[in-house]
């Protein structure tokens with residue numbers, strides 16, 4: 001393959017990625033404005049400025065676009081890095097601060113996508129099963145945190161209760177209610193989440209052992 005052929009191939013791949021991203025972003029705007037069920041591939045194509053055949057060729061269906069949006073939330077590198085730091089952090093308070101940072105990062109960039117999945121899952125069994133798998137993976141991650149702070153829990157809290165609190169407090173609906181509905185800044189949400197998790201879960205002696 002010549003240098004010119006390689007360059008042309010690279011340019012085609014770059015243009016294809018731009019088109020793919022534009023379709024996904026257009027679908028996201030329409031899902032938010034009109035709902036998942038009411039949004040058609042035709043309307044997505046119009047919004048993205050491409051032919052409907054292009055949307056179909058790239059994603060095959062609305063469910064395919066939704067899957068791509070979900071993957072963008074699941075594989076948010078900044079959120080994943082913060083969560084891994086939380087796993088490795090030895091201090092319980094700091095561990096929960098890092099967890100709060102990872103949750104803020106994930107929902108700041110993807111809380112709306114969770115809502116699309118909830119709506120789509122009511123009508124599509126495949127989407128519903130995929131969502132259940134994601135929820136299971138999220139809870140498994142939180143269970144790791146609960147296990148790691150189990151030696152520092154407040155006396156009235158056991159590991160199962162800690163897991164339930166972590167699950168409830170870090171739901172995307174909580175982020176959406178506080179930030180979107182009530183106008184909190186994401187920084188306020190993160191600080192509140194870290195402080196609330198520490199006060200609800202940790203024994204007093206752990207709360208004072210900051211960095």
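With respect to the conditions (1) closer than 18 Å to residue 168 by Cβ; (2) touching a helix residue (DSSP H, G or I) at 6+ places or on another chain (Cβ under 8 Å), residue 140 falls short on a single one, namely (2). Number of residues in region 135-174 that are part of a helix (DSSP H, G or I) and closer than 16 Å to residue 96 by Cβ: the value is 22. The set of residues in region 86-135 that are at pLDDT 95 or above, surrounded by fewer than 20 Cβ atoms within 10 Å (Cβ to Cβ) and over 23 Å from residue 180 (Cα atoms) comprises 87, 88, 89, 90, 91, 94. When region 175-191 is limited to residues that are part of a loop (DSSP other than H, G, I, E, B) and touching a helix residue (DSSP H, G or I) at 6+ places or on another chain (Cβ under 8 Å), the one that is surrounded by the most Cβ atoms within 10 Å (Cβ to Cβ) turns out to be 184. Here is a check on your reading of the model: is residue 65 closer than 22 Å to residue 191 by Cα, touching a residue at least 24 places away in the same chain (Cβ under 8 Å), over 15 Å from the mean Cα position of the chain (by Cα) and part of a helix (DSSP H, G or I)? The answer is no for residue 65. Scanning region 30-53 for residues that are surrounded by fewer than 17 Cβ atoms within 10 Å (Cβ to Cβ) and touching a residue at least 24 places away in the same chain (Cβ under 8 Å) yields 32, 35, 37, 49.
The values are calculated or read from the model by the stated rules, or taken from the named source; none is laboratory data. Computed from a predicted model, the values in this text were never measured in an experiment. Virtual Cβ from ideal backbone geometry, glycine too; neighbours counted across all protein chains shown.
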